[in-house]
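We did not get these values from a lab; they are worked out from the coordinates using the rules stated. From a predicted model like this one, the values you see are computed outputs, not experimental measurements. All Cβ positions, even for glycine, are placed from backbone atoms using ideal geometry, and neighbour counts span all protein chains on display.
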Amino acid sequence: MSQNDPGALYSQHLGEMIRRADTALARAGFDHLVVPSGTLHYQVFDDRDYPYAVNPQFKTWLPLTRLPYSWLIHTPGERPTLVFYQPFDYWHVVPDAPSGWWVEHFDIHIIRKPEEALALLPADPSRCAILGEPQSTLGGFAPNNPPAVINHLEWHRGCKTPYEIALMRQAQVHAVRGHRAAEAAFRAGASEFEIHMAYCSAVGQDANELPYGNIIALNEHAAVLHYTELGRNAPQPSRSFLIDAGASAHGYASDITRTYAAAGHDEFQALVDAVDAAQIRMCQAVRAGFDYRQLHVDAHLSLMGVLKDFGVINVSPETALATGVSAAFFPHGIGHLIGAQVHDVAGFAAGENGGRIERPDGHPYLRLTRVLEPGMTVTIEPGLYFIDMLLDEVKQAGNAASINWERVDFFRPYGGIRIEDEVLCTDGEADNLTRPVFAAAG
Ligand code: GLY
Ligand code: MN
Ligand code: MN
């Protein structure tokens, strides 16, 4: 069986989804799992629909991301059923007839109108765990989202199947193609908008298909963590470039960040290189049994070591962490689970039956507090930024003397640095999904 061929791995994945669903239904006391793919949503007082986003509970079963008004039905002991909506419609392109590696595993029923699904759903809605959003309600089938079912399914989604990992590897390959094109556009003097277009073109995905909005930030814009403005004019000069951009593969995400210095900006390049080297070490710390909260705290210390080396702070990393100075330079979490959703679910889950592992005090933006297990895919995304609002808070807290403000003034025009890879936790060494793809791309 090929390690990277999703078609060859799908049947094992589906078997795992069925096992999880069977256990969840038995524990919660339901007879059927019913998952609507979701509906189109319309803008208020308008006939324009928002970009369709498939129900993530649906796309973990099926590689179908553009199939609204469809339903997955699973009854333990039976073949799963797919109610496949393929309207007669000459206004829009309708979904192709079912095809692909998944088809042979399902009983498929084509419907032409959404309400035709009713005759194909189980007889008694009260016996169904129905996972979805309220707008998907059809007749008596209103999503009830039983916590016992959701908690179980979402907890187990933390560990990816080989099929999911194969798709995530594909998503890396797509995104790296875009990152290479984006770097070339930056070096040619392009604007943020032009870089974004070069990225989408190289990936072959537009904004609605990408797993999240591209962050394409030149110069000071890199200090805005979720900068998505896409300036139409290239700054004169472009000194630095931060790109946080992913790609999708059959509904699975990549989420990659790189930071570049323009030629001649050697000191900023050296700071980027130092963060890059620290990030590689953090990726290597992804090991089964390691607490991700510790990885986050260790990242603070490592990044403050970099700032100390570059003369930006005057205190030890430990002091910078204890006084909140480090949070002014590194104000987000070290990363998150990733999979069918870029910020994948159950990052705080204490177990398959629910419960929550809180964030450490003073770290309000960490999105993952679990102990790492083989099969988990996480991002590792340390950053250093020069954000006046946060640096002012350091002054107000009486810690201005911890910082060398001339060095801040020197680096502020570059905005900031973030380096982000996906890492698979294994039984042994960490498997960095991103770096080998950049290396192979040359
Ligand atoms: N692109 C959003 C994130 O890195 O989490
Ligand atoms: Mn990112
Ligand atoms: Mn991320």
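A few notes on this one:
- Residues in the range 401-442 that a label on Ile357 would reach, taking backbone N under 15 Å of a point 7 Å out along Cα→Cβ: 425-426
- Share, in percent, of DSSP beta bridges within the chain that are antiparallel, nearest 5: 80
- Projecting the Cα atoms of Gly339, Ala327, Gly355 onto the charge dipole of the range 324-378 (Cβ charges, centred on the Cα centre) puts Ala327 farthest toward the positive pole.
- Range of Cα positions in the range 123-200 per principal axis (Å), largest first: 62, 30, 19
- Distance between the modelled labels on Val94 and Gln135, one decimal in nanometres: 2.2 nm (7 Å Cα→Cβ projection).
- Candidate aspartates and glutamates for bridging to Lys160, where Cα separation is under 12 Å - those fewer than 8 sequence places away on the same chain excluded: Glu16, Asp344, Glu373
- Within the range 103-144: backbone nitrogen closer than 20 Å to the Ser11 label point (7 Å, Cα to C-beta): 103-108
- Net charge over other residues, Cβ less than 11 angstrom from the Cβ of Val203 (K, R count +1; D, E count -1): 0
- Zone residues, the range 364-392, relative to Thr23, backbone N less than 14 Å from point 7 Å out along Cα-to-Cβ: none
- Simple point charges give the picture: +1 on the Cβ of Lys and Arg, -1 on the Cβ of Asp and Glu, and for the range 327-442 a dipole about the Cα centre of about 260 debye.
- Diffusion coefficient, µm² s⁻¹, Stokes-Einstein with Kirkwood Rh over alpha-carbon pairs of the chain at 20 °C and 1.002 mPa s: 91
- The chain, relative contact order in percent, only Cα pairs under 8 angstrom and at least six apart counted: 15
- Neighbour-count order for Val378, Val342, Val94, fewest beta carbons within 10 angstrom listed first: Val94, Val342, Val378
- Per-peptide average of other Cβ atoms within 10 Å, ordering 60-70, 200-210, 179-189 highest first: 60-70, 179-189, 200-210
- Helix 162-187 axis, angle to the chain major axis (alpha carbon atoms, nearest 10°): 40
- Where only DSSP H runs of four or more residues are counted, the chain gives -10500 deg cm²/dmol as its mean residue ellipticity at 222 nm, each run worth -39500 (n - 2.57).
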